[in-house]
1. Under 8 Å between Cβ atoms, which residue pairs at least 6 apart in sequence (or on different chains) link something in segment 131-143 that is under 8 Å from Leu159 (Cβ atoms) with a partner that is part of a loop (DSSP other than H, G, I, E, B) and open to solvent by less than 30 Å² (accessible area, probe 1.4 Å)?
2. Let me confirm something: among Glu171, Glu141, which residue is at pLDDT 85 or above and surrounded by fewer than 19 Cβ atoms within 10 Å (Cβ to Cβ)?
3. Go through (1) surrounded by fewer than 19 Cβ atoms within 10 Å (Cβ to Cβ); (2) within 20 Å of Glu165 (Cβ to Cβ) for Pro29 and report which single condition fails.
4. Specify the residue that is modelled with the lowest pLDDT; the eligible residues are those in segment 202-230 that are open to solvent by 70 Å² or more (accessible area, probe 1.4 Å) and not in a loop (DSSP other than H, G, I, E, B).
5. Keeping to segment 131-178, report how many residues are of a type outside the set (Val, Ile, Thr) and over 17 Å from the mean Cα position of the chain (by Cα).
6. Can you confirm whether segment 45-62 contains a residue that is at pLDDT below 75 and either open to solvent by 30 Å² or more (accessible area, probe 1.4 Å) or over 23 Å from the mean Cα position of the chain (by Cα) (or both)?
7. Filter segment 119-129 for residues that are within 23 Å of Phe7 (Cβ to Cβ) and open to solvent by 20 Å² or more (accessible area, probe 1.4 Å) and give the result.
8. All but one of (1) among the polar types (S, T, N, Q); (2) surrounded by 15 or more Cβ atoms within 10 Å (Cβ to Cβ); (3) over 17 Å from Tyr222 (Cα atoms); (4) touching a residue at least 60 places away in the same chain (Cβ under 8 Å) hold for Asn158, so report the exception by its number.
Amino acid sequence: MDFPSEFTLAEMVELESIYKDIGEASLDPEFCQRLATSFSFSVNRAGKPAITCEQVLSWFLEKQNPLQSKVTSPSVSSKLLVDLSDASFPDDSPQSSPKSKGSSAADLSELTFEAKSSKDNAWYDIASFHNYRVLCTGELEVRVRFAGYSNIHDEWVNLKRAVRERSIPLEPSECEIIQVGDLVLCFQERKEHAVYYDARILQIERQPHDASMCSCIFIVSYAHNIFEEKVELHRLCRRPTKKVSSITSSS
């Protein structure tokens, strides 16, 4: 069964900004059609399905759902806050200058994300963001759709603890950048699953090799169960060296 295309995070930020500015006027069908056309022909949607007027209208209608206002605080409903500066373990990658709070939706257009599922503690690529809410504790959650999965697998995940910029597959020539103590994303294949888990590098058995093939052995400890395993480089992904911090819609 085919499912309709969904908004990117950058498009959701723009929708939030528009709703903040014009409110119920956003429900005008002609306005929704123009916005859908604008999204569909954007360079950032190249290769993705087009957005329809009905999808835009549905998004604005959902914003006016009384049930939504019960879980969203007024201060956060005015803008979508994406703060991934603490989304991974502390001190896992070099510090970089955070983006300013005035960053626009365009700053998100080239970024891809992954989310940690509460069902199995594994990390999956995010295909799209669908909504957000603020819990009574003040924590922000986003509803995500995982790449390659239908909407029945959508999950609400904690933005700070379970969403981060996507991990990067390692090339043989990058072997030397992995050091003992590093946090990596490690592919684990079993009879019942084949997923990616957070893991720590405990030990490295370096072997002579060239830039086309790595023969080193990495001993990792999985973060969710402390199980140790010997793996090769092709099963590892590294964390990005840059962090995404305090990206909001323009105000």
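The values are calculated or read from the model by the stated rules, or taken from the named source; none is laboratory data. In this text the structure is predicted, and so the values were computed from the model without any measurement. Heads up, the Cβs are rebuilt from the backbone with ideal geometry, glycines too, and the neighbour counts pull from every protein chain shown. Heads up: the accessible areas ignore ligands, DNA and RNA and are worked out on the full protein's heavy atoms, side chains in. Shrake-Rupley method; radii C 1.70, N 1.55, O 1.52, S 1.80 Å.
1. As it stands, the answer is Tyr132/Thr72; Tyr132/Leu80, since those pairs meet every condition given.
2. Glu171
3. With respect to (1) surrounded by fewer than 19 Cβ atoms within 10 Å (Cβ to Cβ); (2) within 20 Å of Glu165 (Cβ to Cβ), Pro29 is out only on (2).
4. Going through the qualifying residues, I end up with Asp210.
5. Qualifying residue count, segment 131-178: 10.
6. For segment 45-62, residues at pLDDT below 75 and either open to solvent by 30 Å² or more (accessible area, probe 1.4 Å) or over 23 Å from the mean Cα position of the chain (by Cα) (or both): present.
7. Result: Tyr124, Asp125, Ala127.
8. Every listed condition holds for Asn158 apart from (4).
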